[in-house]
Amino acid sequence: MREWWIHVGLICVPLVAVYLHIPAPHLSATLQKWHSAGDFFHFRGKKIFYRDSYGALGSSDVVLLLHGFPTSSYDWNKIWDPLAQRFHRVIALDFLGFGFSDKPRPHRYSIFEQASIVEAMVAHLGLSNQRLNLISHDYGDTVALELLYRSDQNRTGHLNFNSLCLTNGGIFPETHHPRLLQTLLKDSSILATFLTRLTNFMIFQKGVREVFGPYTQPTDAEFWDMWTSLRYNDGNLVLDSILQYINQRFQHRDRWVGALTSTHAPLHMIYGPLDPVNPHPQFIRLYMHLVKRSTVTILDDHISHYPQLEDPTGFLKAYFNFIHSF
């Protein structure tokens with residue numbers, strides 16, 4: 001009997017070893033096209049991917065898109081072309097640790113560093129004096145609030161805000177409900193070492209399904225593209241480090257919520273009310289109570305955490321109405 005278990009162990013150990021080092025999937029044709037249309041700049045020795053598309057003639061307006069966790073700039077693909085028809089330039093980046101950007105480890109990822117990366121990209125593109133319209137989602141909301149704080153404080157290198165449109169994100173720690181896996185990864189360094197390697201496509205897909213509405217689920221190809229972007233450059237192995245942003249939201253709540261409530265920049269919120277991460281009505285009630293200068297669009301009841309992907313038409317209608325209002 002003992003010999004039988006030894007043989008099983010000898011078989012399982014190399015299989016587990018192979019599984020834990022399974023290579024990242026190849027890019028689909030659509031992801032490859034997105035990658036090929038982009039470029040890179042360097043920030044403190046790290047490569048940062050971005051896309052910069054020239055669009056509407058006769059306009060000088062620029063829109064900058066900040067994506068969420070754990071995905072990438074590809075989150076904006078369904079509204080990219082319509083934005084390019086309205087704006088002179090449409091720009092998005094993959095934050096450090098996401099998408100096609102470098103994913104260093106070990107590394108202390110922070111919202112402050114990501115904000116500095118955005119400022120560096122804007123300078124790299126020669127837009128330091130340009131008034132910018134920002135659209136942000138999820139993780140990108142918090143980066144946007146740090147940028148807003150720096151702008152209102154007139155910090156060196158700050159962005160010049162023309163407007164800010166936020167979407168579903170954990171702006172208020174008290175109404176934010178991270179998924180179980182996120183909580184385990186951010187709070188347990190020992191367990192996180194194993195979880196980041198054990199997370200596979202099925203676990204990832206299940207987690208993403210939970211934050212999309214039942215009638216607006218991604219297709220199999222879209223799920224796979226999200227997973228491929230995550231796995232690119234071993235991005236799964238830095239999830240625990242990136243997730244420290246949840247703790248940072250608690251630590252710096254007054255700074256970031258204060259910037260939101262005191263700014264004079266035009267503000268808008270586009271909100272999917274079925275969001276389990278920032279649930280209705282608690283989140284939107286608190287937002288409307290604290291951010292009185294902001295206008296708000298609540299999308300249809302079946303729209304959840306990714307409104308720009310789940311309802312691109314409704315999202316664009318709400319955003320263009322906002323842009324045309326000032």
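The values are calculated or read from the model by the stated rules, or taken from the named source; none is laboratory data. Keep in mind that this is a model prediction, so the values were computed, not measured. In this analysis, Cβ positions are derived from the backbone assuming ideal geometry, glycine residues included, and neighbour counts consider all displayed protein chains.
Limited to region 226-245, what total is found for residues that are free of Cβ contacts under 8 Å to residues at least 60 places away in the same chain and within 23 Å of TRP34 (Cα to Cα)? So that I can check it myself, show each step before the final result.
First, the residues of region 226-245 that are free of Cβ contacts under 8 Å to residues at least 60 places away in the same chain: 236, 240.
Then keep just the ones that are within 23 Å of TRP34 (Cα to Cα); that gives 236.
Adding up the residues that qualify gives 1.
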(request) Hey, could you check region 55-96 for residues that are within 19 Å of the chain's Cα centre (by Cα) and polar (S, T, N, Q) and say which is farthest from MET226 (Cα to Cα)? (result) ASN77
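A quick yes/no check of all residues on (1) surrounded by 18 or more Cβ atoms within 10 Å (Cβ to Cβ); (2) free of Cβ contacts under 8 Å to residues at least 40 places away in the same chain:
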site: PRO173; (1), (2): no, no
site: HIS176; (1), (2): no, no
site: ARG179; (1), (2): no, no
site: ASP220; (1), (2): no, yes
site: THR263; (1), (2): yes, no
(message) Take residues that are buried (at least 22 other Cβ atoms within 10 Å of the Cβ) and touching a residue at least 12 places away in the same chain (Cβ under 8 Å) and tell me which of the helices (runs of 4 or more DSSP H) falling wholly in region 278-326 contain 3 or more.
(response) 307-310, 312-323
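For region 150-173, indicate whether the set of residues that are farther than 30 Å from ARG89 by Cβ, hydroxyl-bearing (Ser, Thr, Tyr) and over 17 Å from the mean Cα position of the chain (by Cα) is non-empty. Give the derivation first.
The first filter runs over region 150-173 and keeps only residues farther than 30 Å from ARG89 by Cβ, leaving 172-173.
If we keep only those that are hydroxyl-bearing (Ser, Thr, Tyr) as well, we get none.
Checking region 150-173: not a single residue is farther than 30 Å from ARG89 by Cβ, hydroxyl-bearing (Ser, Thr, Tyr) and over 17 Å from the mean Cα position of the chain (by Cα).
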(message) Could you check region 144-166 and list, in sequence order, the residues that are under 18 Å from SER294 (Cβ atoms), in contact with a strand residue (DSSP E or B) (Cβ under 7 Å, 6 or more places away or on another chain) and not hydroxyl-bearing (Ser, Thr, Tyr)?
(response) ALA144, LEU148, PHE161, ASN162, LEU164, CYS165, LEU166
(message) Conditions first: (1) modelled with pLDDT of 95 or more; (2) in contact with a helix residue (DSSP H, G or I) (Cβ under 9 Å, 6 or more places away or on another chain). HIS21 passes all but one, so which condition is the exception?
(response) (1)
